[in-house]
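Single-structure report; data block below.
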Amino acid sequence: MAGKLQLVAKNCYIYRAGDGPVAIHVYLSEKLRASFTENEALEQLYNASLLPGVVGPVIGMPDIHTGYGLPIGGVMAVDYEQGVVSAGAVGMDINCGVRLLTTRIPAAGVDSNMIGRLLATIARLVPAGVGCASRDKELRRVNLEAVAAGGAGFFIREGFGRREDGERIEDGGCLPGAGVAAASKEARERADQLATIGGGNHFVEIGEVAAVLEKDLAGGFGLQKDHLYVLIHTGSRGLGHQICTDYSNRMWANAERNGSRAPVKGLACAPIASKDGQDYLRAMALAANYAFANRQLITHFVREAFVEVFKKPEKELGLDLLYDVAHNIAKKEKHGTRWLLVHRKGATRALPAGHRDNPGCYLATGHPAIIPGSMGTASYVVVGTEAITKTFCSVNHGAGRVMSRKRARQEFSREDVLDQLGGVVVIARDVKFLKDEAPLAYKDIDEVVATLAEAGLTLPVARLRPLGVLKGEGDEA
């Protein structure tokens, strides 16, 4: 479908294609716009605008690229009473997300050998790679009912974390309404992957706070310049993938009965109030809570690894959870006077200061939104401004791909990847298996973050620089 981007505000474009019922906004800087070729992703936004009950605008973030149904970097809100829910508009890896741990460890005293030892110790405790199962047999036989009801909190109460961790996770680490029975037998059988990171763009990263951009906010967040941090990026693994697959098929097959025919199967949907819609939301919440629990368990083992390598008490090292945000999720939220179901696919919630849904510790500042780059480039911590309501309180979730995995594997050699990493330590079977995750396969993270900052929607707080990364092989993302 032919269309065009028309600039309407700083870094904000309206996409015009056909006679869509609601507006489509795409956020791009001048530099990103000049190199933009994601026409298929724009068409996906247009298709999303045609779904029943969609409330404008449908939004493309600066990291937008083609996905399944809704593009990665897409935000779609629907009226909660009259709209639909779409499994594809949430994504395959339900509640793929990222959390950030701050430390009291100066980076100056930690060389590359120490980073390598830390990552190797974490790798021993936390399996990485597509299809990998939990190291601990007890975690492979996890009580899914307990995970559904408690999310991350279940494992915190079992001793895998600190009480205060739960206050620093989106929704307290537990979405309400999760139901194990809503997940298929095939999905439940894939719930043996807790405390694993999988493959694709998932990782555990150790780095240093390279720059403090907002001194007061960074100080309150515990982000000290030239100190180590840890990023953990993973999701619901095989459980979430199977739930998305199951419900995309079910919604597509039942479209006529539900009166919710979508333009393409990737946006297969069902009325929120229908049995298919309610069953999906229960299954999605199960996967989301599983992902929160997964990142909580990994945090526990990361803390153990630091204690083992540094031979110091955990309290002395810090390793405090700053925040944990979801990337792929649909949530009931009140925007203005209206209740909406906001689908964020490759997008992160960023509630501004004073927003009632912030945790108490971040009510005065807005909670931190964490935006990771590629395995060899910077990441950012930002907060949303009052203007973030224009995007349903959403920001981009990362840099966004500029090159498909297939093309990256063909274009880059092992030596290219090592050169692009620039000294960042990578723990993997062989870097040649990570060519699809080469830094140049991604957009410029600095430019992507600046896009929303220049538009007045976000305030960058700190810039992070990677020192070492644990990656798993495979296409899972």
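The values are calculated or read from the model by the stated rules, or taken from the named source; none is laboratory data. Only a predicted model underlies this, so the values are computations on that prediction, with no experimental measurement involved. Neighbour counts are summed over all protein chains in view; Cβ atoms, including those assigned to glycine, are modelled from backbone coordinates with ideal geometry.
Below is a table of values for the structure above.
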{"read-out": "Hits in the range 83-139 (condition: polar (S, T, N, Q) and in a helix (DSSP H, G or I))", "value": "SER112, ASN113, THR121"}
{"read-out": "Selection status of ARG104, of a type in the set (Lys, Arg), touching a residue at least 12 places away in the same chain (Cβ under 8 Å) and within 24 Å of ASP324 (Cα to Cα)", "value": "yes"}
{"read-out": "From ASN294, ASN249, ASN289, residue being under 30 Å from GLY83 (Cβ atoms), out of contact with any Phe, Trp or Tyr (no Cβ under 7 Å at 6 or more places or on another chain) and surrounded by fewer than 19 Cβ atoms within 10 Å (Cβ to Cβ)", "value": "ASN249"}
{"read-out": "Unmet requirement for ARG303, which otherwise passes all of (1) touching a helix residue (DSSP H, G or I) at 6+ places or on another chain (Cβ under 7 Å); (2) outside any helix (DSSP H, G or I)", "value": "(2)"}
{"read-out": "Residue list for the range 366-403, restricted to those being of a type outside the set (D, E, K, R) and surrounded by fewer than 20 Cβ atoms within 10 Å (Cβ to Cβ)", "value": "THR385, ALA387, THR389, VAL402, MET403"}
{"read-out": "Candidates LEU175, LEU144, LEU119, filtered to the one that is closer than 18 Å to PHE301 by Cα and among the hydrophobic types (A, V, I, L, M, F, W, C)", "value": "LEU119"}
{"read-out": "Selection from the range 168-201 of residues that are in contact with a Leu (Cβ under 8 Å, 6 or more places away or on another chain), assigned to a loop (DSSP other than H, G, I, E, B) and of a type in the set (A, V, I, L, M)", "value": "ALA178, ALA183, ALA191, LEU194, ALA195, ILE197"}
{"read-out": "Residues of the range 202-220 satisfying the condition of being surrounded by fewer than 24 Cβ atoms within 10 Å (Cβ to Cβ) and either under 17 Å from the mean Cα position of the chain (by Cα) or in a helix (DSSP H, G or I) (or both)", "value": "LYS215, ASP216, LEU217, ALA218, GLY219, GLY220"}
{"read-out": "Breaking point among (1) under 15 Å from SER134 (Cβ atoms); (2) in contact (Cβ under 8 Å) with a residue 24 or more places away in the chain, for GLU189", "value": "(2)"}
{"read-out": "Filter result for ALA428 (over 30 Å from ASN113 (Cβ atoms), of a type outside the set (Phe, Trp, Tyr), touching a residue at least 24 places away in the same chain (Cβ under 8 Å) and surrounded by fewer than 22 Cβ atoms within 10 Å (Cβ to Cβ))", "value": "no"}
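Residues are listed down the side, and each one gets a yes or a no for (1) at pLDDT 95 or above; (2) in a loop (DSSP other than H, G, I, E, B):
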site: GLY376; (1), (2): no, yes
site: LYS390; (1), (2): yes, no
site: GLY398; (1), (2): no, yes
site: ARG409; (1), (2): no, no
site: VAL417; (1), (2): no, no
site: LEU434; (1), (2): no, no
site: VAL448; (1), (2): yes, no
site: LEU459; (1), (2): yes, no
site: LEU470; (1), (2): no, no
